[in-house]
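Data block below; observations after.
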Amino acid sequence: MRRFPSTRCLLHWLHNHLYLPVAAVLVLLPAGLIAQAQSSAAHRQVEQLVDENAANWKQVSRQIWDYAELGYHEDKSSALLQAQLKAAGFQVQSGVADEPTGFVASYGQGKPVIAILGEFDALPGLSQQALPEREPVVAGAPGHACGHNLLGSGAALAAVAAKRYMERNHISGTLRYYGTPAEEGGSGKVYMVRAGLFKDVDVVLHWHPADENAVTNGGMLAVISAKFTFHGIAAHAAMAPERGRSALDAVMLMGDGIEFMREHVPSNTRIHYIVTKGGAAPNIVPDLAQMQLMARNPSNATLQEIWDRILKVAQGAALMTGTTYEVTDISGDANIIGNDVLAHLAQKNLEEVGGYTMDLSQREFALKLQKTLGLDDVPSLDLTQSVQPLRPVDPNAPAASTDVGDVSWKVPTIGFVAATFVPGVAPHTWQAAASTGMSIG
């Protein structure tokens, strides 16, 4: 397999305030697809190829930010990416794995097969203008508070640049962009894995927006999500309460059981829930109530043990209240398996790309936004300038979950994060949506 030259080639492009993260383009350029090791001519060629397409993909990213479509409903976002990749010479297969918004864009043939992952779904209720104060575009509407507009577009730009490099330098192999829907709770990649779409892939590359630049070698939390629906008997809450069996009581008792259970699970476990249905009126004993719950742990096996206990809590709540219940699975994602060989290569490339320095207007925006975070220790804006050292996974460190985990159990996988949020900003917040809608993103 030919090796990709570590390169600094897009630093000047970054300083010109490109809307897409430069690190996303360079670190994703596949190692096995680049033939000319270390030559400055190769560096300049890759830089030129990215620059030729930068303005277009900036607009694509912003358009997806404006669409802000929820998982499995990303019709316009998916169609836009497919059209752009078709125009760039990729063969596109739509509706893969029975997912209407899922697709695979391919170029080339033979080995190696290099896959780049792209996402494009938004989050509910986090609509936000690209401003440093809370101001939704549409109150209650979705927003790109995890930066998937950047993720999908930046990964696609990397694929287009790599494809054109392959063409110009007569490099063999297969390059694929996987348009993966519904990462936010919908586990779109899991269905792609089950459908065998990764069975011939040699390596998978992915990235994600964050407030720092760092390679992520494994980690993330395995997660299981489900709805617990309790069924009781309705009755007049004042005249005949003894005839009723409250489904809401069952939901509340299940919540109490979860709270007591927290003391007796590993400390790196996360359990969170909301009550999605609680009854129709306070003077009617609720005959239906529902809880949506997620549980997470760094270990798939440990999480399954915890989930079995959660199911028993639900059973106990039903027994105590004389109700019945049903469990509807929503999704489940594995943890990410690390790959040290790929991690060191990605770290080398990311360090040579380097970070970036905000201009004056970006710093003004960022300082205003940081004031809304309520942090005692506010990170320096200079955090965007550096690349974090390659760190071993700490199973007790704060982490999230992703369906990339299931891919990593099938194919060698490596990823990184890029400083596309204002330092200190966490994902799934309006501050993240504001960051991803302007030039910092």
| Any idea which of (1) surrounded by fewer than 24 Cβ atoms within 10 Å (Cβ to Cβ); (2) of a type in the set (Val, Ile, Thr); (3) touching a helix residue (DSSP H, G or I) at 6+ places or on another chain (Cβ under 8 Å) is the one Val113 doesn't satisfy? | (3)
| query | Among the candidates Leu151, Leu175, which residue alone is assigned to a strand (DSSP E or B), in the same structural domain as Val203 (by TED's automatic domain parsing) and either within 14 Å of the chain's Cα centre (by Cα) or buried (at least 24 other Cβ atoms within 10 Å of the Cβ) (or both)? | reply | Leu175
| query | Can you name the helices (runs of 4 or more DSSP H) wholly within region 333-441 that have at least 2 residues being closer than 16 Å to Ala130 by Cβ? | reply | 360-370, 430-436
| task | Within region 307-357, count every residue that is within 30 Å of Asp287 (Cβ to Cβ) and not acidic (Asp, Glu). | result | 23
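Taking the condition in a strand (DSSP E or B), small (Gly, Ala, Ser) and surrounded by 16 or more Cβ atoms within 10 Å (Cβ to Cβ), does Ala226 pass?
So Ala226 passes the test.
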| said: If a residue must be of a type in the set (A, V, I, L, M, F, W, C), under 19 Å from Gln91 (Cβ atoms) and surrounded by 24 or more Cβ atoms within 10 Å (Cβ to Cβ), how many such residues does region 178-197 contain? | reply: 1
| query | Are any residues in region 111-138 assigned to a loop (DSSP other than H, G, I, E, B) and in contact with a strand residue (DSSP E or B) (Cβ under 9 Å, 6 or more places away or on another chain), and if so, which ones? | reply | Lys111, Pro112, Glu119, Phe120, Ala122, Pro124, Gly125, Leu126, Ser127, Gln128, Pro136, Val137
| query | Name the pairs: first residue in region 62-82 and hydroxyl-bearing (Ser, Thr, Tyr), second residue part of a loop (DSSP other than H, G, I, E, B), Cβ to Cβ under 6 Å, at least 6 apart or on different chains? | reply | Tyr72/Pro181; Tyr72/Ala182; Tyr72/Gly186; Ser77/Glu69; Ser77/Phe120; Ser78/Thr101
| said: Considering only region 396-410, I want to know if a residue exists there that is closer than 27 Å to Thr302 by Cβ, touching a residue at least 60 places away in the same chain (Cβ under 8 Å), acidic (Asp, Glu) and assigned by TED's automatic domain parsing to the domain that holds Arg194. | reply: yes
| request: Give the residue, chosen from Ala295, Ala334, Ala289, that is touching a residue at least 12 places away in the same chain (Cβ under 8 Å), crowded, with 22+ Cβ neighbours inside 10 Å, of a type in the set (A, V, I, L, M) and more than 30 Å from Val417 (Cα to Cα). | output: Ala289
| Would you call Gly316 closer than 21 Å to Ser225 by Cβ, surrounded by fewer than 19 Cβ atoms within 10 Å (Cβ to Cβ) and of a type in the set (Gly, Ala, Ser)? | yes
| message | Consider region 192-223. How many of its residues are out of contact with any strand residue (DSSP E or B) (no Cβ under 9 Å at 6 or more places or on another chain) and within 29 Å of Thr420 (Cα to Cα)? | response | 1
| query | Before we move on, is Leu85 of a type in the set (A, V, I, L, M, F, W, C) and part of a loop (DSSP other than H, G, I, E, B)? | reply | no
| message | Tell me the residue from Leu360, Leu342, Leu367 that is at pLDDT 95 or above, surrounded by fewer than 20 Cβ atoms within 10 Å (Cβ to Cβ) and closer than 21 Å to Asp406 by Cα, please. | response | Leu342
| message | Please count how many residues of region 58-81 are modelled with pLDDT of 95 or more and part of a helix (DSSP H, G or I). | response | 16
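Kindly indicate whether Val378 is within 23 Å of the chain's Cα centre (by Cα), in the same structural domain as Ala115 (by TED's automatic domain parsing) and among the β-branched types (Val, Ile, Thr). Reasoning before the result, please.
Numbers: within 23 Å of the chain's Cα centre (by Cα): no; in the same structural domain as Ala115 (by TED's automatic domain parsing): yes; among the β-branched types (Val, Ile, Thr): yes.
For Val378, the condition - within 23 Å of the chain's Cα centre (by Cα), in the same structural domain as Ala115 (by TED's automatic domain parsing) and among the β-branched types (Val, Ile, Thr) - is not met.
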| request: Tell me which residues, restricted to region 98-137, are in contact with a Pro (Cβ under 9 Å, 6 or more places away or on another chain), farther than 30 Å from Val411 by Cβ and touching a residue at least 60 places away in the same chain (Cβ under 8 Å). | output: Leu126, Ser127, Gln128, Gln129
| remark: Residues of region 241-294 being closer than 26 Å to Pro398 by Cα, among the polar types (S, T, N, Q) and not in a strand (DSSP E or B), in sequence order, are Ser267, Asn268, Thr269
| remark: Of the candidates Glu99, Glu52, Glu47, the one satisfying the condition of being under 19 Å from Leu350 (Cα atoms) and at pLDDT 55 or above is Glu47
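The values are calculated or read from the model by the stated rules, or taken from the named source; none is laboratory data. For clarity, every value in this text was computed on a predicted model and none was experimentally measured. Positions of Cβ are generated from backbone atoms using ideal geometry, with glycine treated the same way; all protein chains shown enter the neighbour counts.
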